[in-house]
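The values are calculated or read from the model by the stated rules, or taken from the named source; none is laboratory data. Keep in mind that this is a model prediction, so the values were computed, not measured. Here the Cβ is made from the backbone with ideal geometry for all residues, glycine too, and neighbour counts use every protein chain on show. Remember, those area values only see protein heavy atoms, side chains included, never the ligands or the DNA or RNA. Shrake-Rupley method; radii C 1.70, N 1.55, O 1.52, S 1.80 Å.
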Amino acid sequence: MKSIITLTTDFGFGDPYVGIMKGVLLATSRDLTIVDLSHGITPHSVLEADFVIRGSYSFFPENTLHVVVVDPGVGGGRRVIYVEKDQHRFLDPDNGVLSGPLDGADRVLCVVNRELFRDAVSKTFHGRDIFAPVAGRLCSGLDPVELGPPVDDPVRLDWPEPTLGRDAIEGGVLYIDVYGNIVTNITEEQVEKLGSGAHVFLKGEEIGKPRPSYDAIEKETPLALINSFGLLEIAVREGNASRRFGAGTGDEVIVTRNVDA
Amino acid sequence: MKSIITLTTDFGFGDPYVGIMKGVLLATSRDLTIVDLSHGITPHSVLEADFVIRGSYSFFPENTLHVVVVDPGVGGGRRVIYVEKDQHRFLDPDNGVLSGPLDGADRVLCVVNRELFRDAVSKTFHGRDIFAPVAGRLCSGLDPVELGPPVDDPVRLDWPEPTLGRDAIEGGVLYIDVYGNIVTNITEEQVEKLGSGAHVFLKGEEIGKPRPSYDAIEKETPLALINSFGLLEIAVREGNASRRFGAGTGDEVIVTRNVDA
Amino acid sequence: MKSIITLTTDFGFGDPYVGIMKGVLLATSRDLTIVDLSHGITPHSVLEADFVIRGSYSFFPENTLHVVVVDPGVGGGRRVIYVEKDQHRFLDPDNGVLSGPLDGADRVLCVVNRELFRDAVSKTFHGRDIFAPVAGRLCSGLDPVELGPPVDDPVRLDWPEPTLGRDAIEGGVLYIDVYGNIVTNITEEQVEKLGSGAHVFLKGEEIGKPRPSYDAIEKETPLALINSFGLLEIAVREGNASRRFGAGTGDEVIVTRNVDA
């Protein structure tokens with residue numbers, strides 16, 4: 001059966017870097033399905049890449065290999081790791097980008113076998129010289145044990161968890177998507193614990209109670225709802241909430257047990 | 001033979017939404033060729049998506065399944081439809097996005113069989129939860145009759161037709177492309193009926209008579225010509241006509257029988 | 001074995017032009033792997049496309065067909081050429097875009113056989129009407145001799161070579177990538193000839209000696225290094241050098257034998 005590889009990078013769409021990685025992948029293993037998960041990660045944003053992988057990998061078939069190259073430490077001392085979790089596989093710089101899947105991972109290896117790399121490894125493009133050839137070999141049936149020894153201290157990010165009080169949740173903005181939807185770090189379960197009177201505030205401004213879907217309100221009106229990642233989101237129906245509220249990553253979002261809180 | 005699916009969305013290129021849809025597609029049907037037709041549709045612009053599909057689908061092989069997710073009504077009451085026309089297949093929200101292919105369609109079905117959807121259907125991402133799994137099943141040989149009952153009143157857009165007079169055509173700007181080329185809603189046939197003296201005006205400014213190709217004029221000079229969609233276009237040779245004329249969708253374009261009209 | 005085609009265009013990502021080309025390719029030859037090398041070439045920039053192809057093609061498997069459609073002369077008199085070099089194949093407008101591979105090419109043919117084109121060839125979209133159908137036929141086993149006669153005068157760009165002095169190299173900026181890294185036309189070999197005291201200056205401002213990798217310096221600090229294309233690059237660690245220095249294509253870069261030069 002054809003192997004599936006996903007690519008997530010901060011390489012953007014203008015340069016040939018992604019295409020070159022695909023060339024090396026196809027030169028290593030011809031019968032691949034390569035899926036671009038995202039190449040629009042903000043340059044060097046390990047946290048954003050972690051968010052994208054965390055919310056996406058489980059929708060792919062088992063045995064998919066997820067390659068993430070958001071790698072500000074390229075050419076320096078950071079390790080390369082291979083991770084297995086729940087029949088999914090990951091190949092990535094050891095910089096926290098896999099903080100999601102590392103939670104409960106079945107296996108973590110350090111990729112050190114230089115025979116699997118390109119003969120000349122540049123100091124600036126390990127996507128081409130390390131990640132692509134190793135990924136290609138893994139998809140051609142390489143036993144992961146050939147990669148290198150186990151790692152017991154992979155780097156994890158301090159994931160920005162909300163503060164949970166008895167009558168309020170203090171969270172923040174995690175991600176802004178193409179529509180300007182404001183994704184928070186507050187989960188559906190956390191909101192539900194506050195009961196049916198829960199009210200959402202963004203940077204002090206009242207958004208109201210969570211709604212079931214965008215069409216619960218008038219067009220161009222702001223609303224809160226639980227999005228497809230299972231997270232609290234603030235949106236404007238057929239509009240751009242991020243622009244409307246001047247909101248960006250890290251801004252404060254509070255959910256209170258009732259409107260007067 | 002491998003099935004081909006095209007995807008047209010307003011999801012952009014920065015977020016993982018397109019990649020997640022591909023994950024679900026590949027989890028449903030492994031042997032697919034997935035082609036990105038466009039993910040750069042202006043958010044919520046059903047008219048623009050209709051324009052893209054209308055001008056593109058017939059260049060794909062027969063039996064290709066065209067999935068369009070430009071879906072401002074997601075989570076609300078809008079239907080999902082499956083359309084067959086001239087050996088092409090379409091799966092889309094019933095919001096007018098298929099106004100082109102619906103003209104003379106061979107079959108229109110309402111997709112209501114929830115057994116084909118993901119177990120949990122979110123209120124915000126039907127691309128992942130409905131369109132991708134249903135498309136995957138269709139490419140695995142599902143008989144469309146399993147989708148649901150026929151529809152005889154699919155939603156159609158009021159396509160902005162030009163007004164045709166004896167000595168002039170009053171049309172408008174339909175689409176601006178990456179080069180800044182200004183695509184109008186006036187067809188080659190309509191222009192030809194005005195004869196060889198036909199002159200084009202954009203927002204009152206004379207562009208001149210239609211030319212056979214870009215190189216008929218000097219660089220950086222404006223011209224009118226019939227483009228590859230068979231529509232009248234206003235361009236600047238090796239320049240950007242939209243910026244030059246400050247032109248956008250809906251602006252007035254007039255073609256007269258002669259220059260003095 | 002599946003054929004591989006790469007596409008490099010200035011079509012961008014918003015319009016359906018790339019998707020339409022893929023439709024025509026798949027209609028001609030079903031069992032293709034199509035790789036997007038770049039669609040973000042600056043509109044009409046033949047030099048930029050040449051840079052991208054030059055630095056990318058050799059990473060793909062032998063027999064890959066590289067199709068470049070950066071084609072300001074579309075619809076005019078420019079020829080279409082097919083080039084073979086070192087087991088790689090190219091199909092492109094004859095406008096200099098292949099200046100890299102033409103150096104030492106094994107075969108150059110002029111594509112004139114109209115039976116291989118779409119029946120109706122537009123004046124504005126040869127990617128769809130000529131390049132895609134011909135590329136599909138080549139991947140289905142067409143003997144290139146069917147394309148047309150040999151060409152002995154293909155168009156070549158004046159590639160901007162640096163001026164090499166005994167104590168200094170006078171070069172320039174060739175390309176800015178997504179990170180804002182400033183790629184110059186000065187090669188690793190040329191820098192090495194100046195010895196270990198070599199110093200880099202951008203628009204008169206001292207950058208310092210070339211470093212082995214980004215992490216040789218503090219974050220947000222400028223540095224020079226040899227990049228993955230084997231070219232001298234000026235970067236800011238985890239920052240944007242192009243913005244920092246207001247640098248763009250054509251700006252002056254000088255490397256001197258020592259800091260006092």
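Tabulated results
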quantity: Gyration tensor (alpha-carbon) shape descriptor, chain B, a/c threshold 1.5; calculated: prolate
quantity: Cα-projected label distance for C:Asp103 with A:Val121, points at 7 Å along beta-carbon direction, nm; calculated: 2.9
quantity: Among B:Val83, B:Ile53, B:Gly141 the positive-end extreme of the charge dipole of chain B (Cβ point charges); calculated: B:Gly141
quantity: Column: log10 I(q)/I(0), Debye, Cα scatterers of the range A:1-130, q = 0.10, 0.15, 0.18 Å⁻¹; calculated: -0.28, -0.67, -1.02
quantity: Cα-based helix-to-principal-axis angle, C:46-56 vs chain C, degrees rounded to 10; calculated: 80
quantity: Note, ³J(HN,Hα) from phi for the range B:122-132, Karplus 6.51, -1.76, 1.60, rounded to Hz, x at Gly and Pro; calculated: 6, 8, 10, 9, 6, x, 7, 9, 10, 5, 5
quantity: Buried solvent-accessible surface, both chains (A, B), 1.4 Å probe, Å² to nearest 100; calculated: 2700
quantity: Cα-centre dipole for the range C:62-188 with unit charges at Cβ (Lys and Arg positive, Asp and Glu negative), debye to 20; calculated: 540
quantity: Under Karplus coefficients 6.51, -1.76 and 1.60, residue-wise ³J(HN,Hα) of the range A:140-150 in Hz, glycine/proline x; calculated: 8, x, 4, 6, x, 4, 6, 5, x, x, x
quantity: Prolate/oblate/rounded label for the range B:194-252 (Cα gyration tensor, a/c 1.5); calculated: rounded
quantity: Whole-percent carbon and sulfur share, accessible surface of chain B, 1.4 Å; calculated: 44
quantity: Choice from A:Ser56, A:Ser122, A:Ser228 with maximal GNM fluctuation in chain A (Cα, 10 Å cutoff); calculated: A:Ser228
quantity: Under 27 Å from the Cα of B:Lys123 - lysines, other chains or at least 8 residues apart; calculated: A:Lys193, A:Lys203, A:Lys209, A:Lys219, B:Lys22
quantity: Chain B Cβ-axis minimum, rotational copy A, residue and distance in Å; calculated: B:Phe13, 3
quantity: Inter-copy label distances at B:Asn258 (7 Å, Cα→Cβ; nm, one decimal); calculated: 8.1, 8.1
quantity: Label geometry 7 Å along the beta-carbon vector: A:Lys193 inter-copy distances in nm; calculated: 6.9, 6.9
quantity: Square roots of 5 times each gyration tensor eigenvalue, C-alpha, the range B:148-261, largest first, Å; calculated: 27, 18, 12
quantity: Cβ-vector label at 7 Å, A:Ala120, separations to other copies in nm; calculated: 5.0, 5.0
quantity: Amide H contacts under 5 Å for C:Ile207, placed H, 5+ residues apart; calculated: C:Val200, C:Phe201, C:Leu202
quantity: Shape category assigned to the range B:95-146 from the gyration tensor of Cα positions, a/c cut at 1.5; calculated: oblate
quantity: Mean separation of Cα contacts under 8 Å, 6 or more apart, over the residue count of chain B: relative contact order %; calculated: 15
quantity: The range A:1-104, relative contact order [Cα under 8 Å, separation at least 6], %; calculated: 30
quantity: Principal axes of the range B:2-70: Cα extent on each, largest first, Å; calculated: 31, 29, 13
quantity: Spin-label model distance (nm) - A:Arg114 vs B:Glu220, 7 Å beyond Cα toward Cβ; calculated: 5.4
quantity: Accessible area per residue in Å² at 1.4 Å probe, computed on chain A; calculated: 39
quantity: Filtered trypsin sites (Lys or Arg not before Pro), the range C:190-261: DSSP coil and at most 16 other beta carbons within 10 Å; calculated: C:Lys193, C:Lys203, C:Lys219
quantity: J(HN,Hα) series, the range A:171-184, from Karplus relation 6.51 cos²θ - 1.76 cosθ + 1.60, nearest Hz, glycine and proline x; calculated: x, x, 7, 9, 6, 10, 9, 4, 7, x, 5, 9, 8, 9
quantity: Net charge dipole size for the protein assembly as shown [Lys, Arg +1 and Asp, Glu -1 on Cβ; Debye, nearest 20]; calculated: 620
quantity: Percentage of interatomic Cα-Cα distances in the protein assembly as shown larger than 36 Å; calculated: 49
quantity: The range B:41-88: proportion of alpha-carbon pairs further apart than 13 angstrom, %; calculated: 62
quantity: For B:Tyr175, residues with placed amide H under 5 Å, excluding near neighbours; calculated: B:Val183
